[in-house]
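Notes follow the structure.
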Amino acid sequence: MNILIINSGSSSIKYQLIQMPQETVICQGNIERIGTKNAVLQYHSRTTTLKKTFKISNHKEGLKKISKYLLDINIGVIKNTDEIDAVGHRVVHGGNSFSKTTLIDKKVKAKIEVYSELAPLHNPHNLEGILLAEQIFPSASQVAVFDTAFHQSIPIKASKYAIPNEFYLQHKIKVYGFHGTSHKYVSKKAIAFLQLKTSKIITIHLGNGCSITAVKDGKSIDHSLGFGPSNGLIMGSRSGDIDQSVIFYLSKSLGYSLDDINSLLNKKSGMLGLTGFSDLRDIETEAEKGDKNCLLALEMNAYRIKKYIGAYAAVMNGLDAIIFTAGIGENSSKLRKLICDDMDYLNIQLDDSKNKITSNLLREIHQSTSKVKLLVIPTNEELEIAKQTFQLLS
């Protein structure tokens, strides 16, 4: 079965064409920095590797370019669209409606659109990818894998907000959690690698969107993102945790509308608001030049993550390992060092030389004396989505 995976992030698209159940990758690539003049498209097949820079204004343009390369007469990997048996889509918010992988129909699409209010940087792009895939690959089954599914195991004491009960019972307002496919994939890898029968693991997904999860015995028991994917850690353009009083002040005293505030906290805050850059690579480059705003933003980012590590070690009553994953988590040795420094109380000891090694493989970056294991595990949400899509359709 040939399964095309489309994984749309807030400013990126990752894709893979995978033959299942062999798990053979026929083609893969990504588009980064969508919405800029310097968006980068990468395309890798058995015979071709290319990297091009375009102006890609939105996700729809990006998806069209991907499909063009897949079908290209010279470098494409399929001759016609009927060769795609299924398209597996990452969908960020499934609300209370979806707790498992789902075949997409009109009702599913309608629900995904409803939940766009809760995930405005993601669900609209996810839905756009579904609609476009239906047009380009009309004979393929369309399948949704929801970020929120892995976090269904979070106990009510951690998922319920301290607001009147009616909002939980009638309106289903609670912690849903996100990046679940990634957290599930890397936590399974870590448990297998460390050969743990019981486990207390913290997985840290750091990209343009960021989240951290407490995973006990393979199950999510707490998570930094909540009802929507906006709180918790500092992100590329999202503020993360903020005192709700600030929102009331922006509205009542400064005259901001609710739409303005939503845009401010989701699209103009985070690292972008602190530095003028949303891409951590740019921020690290400027920090090396001595830019004070960039230096402070990196320190703030690491500090927020440290707070969550301490909290999750407490709620699990112990800690076996910390996992770094996703674009920043896998590639930024600087941020990993800022996070792990001065964590002696938890016996977290980073090996600086191992941390600086660049690799796309699972690797240990802790000292031999560190009680807590530190791992960098490249996430593969696309493979996890392919597995779940294949299981559903088989």
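Read the figures in this text as sums done on the coordinates, not as results from a lab. Just so we're clear, the structure is a prediction, and the values are computed from it rather than from any experiment. As a convention, Cβ positions derive from the backbone with ideal geometry for all residues, glycine included, and neighbour counts pool all protein chains shown.
Projecting the Cα atoms of Pro21, Gly273, Tyr161 onto the dipole axis of the chain, where Lys and Arg carry +1 and Asp and Glu carry -1 at the beta carbon, places Pro21 farthest toward the positive end. For the pair Asn165 and Lys60, a Förster radius of 25 Å applied to the C-beta separation gives a FRET efficiency near 0.05, rounded to the nearest 0.05. For the range 180-376, the alpha carbon positions stretch 55, 39, 29 Å along the principal axes, listed from largest to smallest. What you get for the chain, charging only the Cβ of Lys and Arg (+1) and of Asp and Glu (-1), is a dipole of about 260 debye around the Cα centre.
With θ taken as phi - 60° and the Karplus curve 6.51 cos²θ - 1.76 cosθ + 1.60 applied, the whole-hertz 3J(HN,Hα) list for the range 353-358 is 5, 5, 5, 7, 5, 9 Hz, x standing for glycine and proline. Histogrammed with a bin width of 5 Å, the alpha carbon distances of the range 2-146 distribute as 2, 10, 20, 23, 20, 15, 8, 2, 0, 0 percent, first bin at zero.
Averaging 1/r over each pair of different alpha-carbon atoms in the chain and inverting the result gives 21.7 Å, the Kirkwood hydrodynamic radius. Counting only DSSP beta bridges with both residues in the chain, the antiparallel share comes to about 70 percent. Label sites at Tyr345 and Leu196, each approximated as a point 7 angstrom past Cα along Cα to Cβ, lie 2.1 nm apart.
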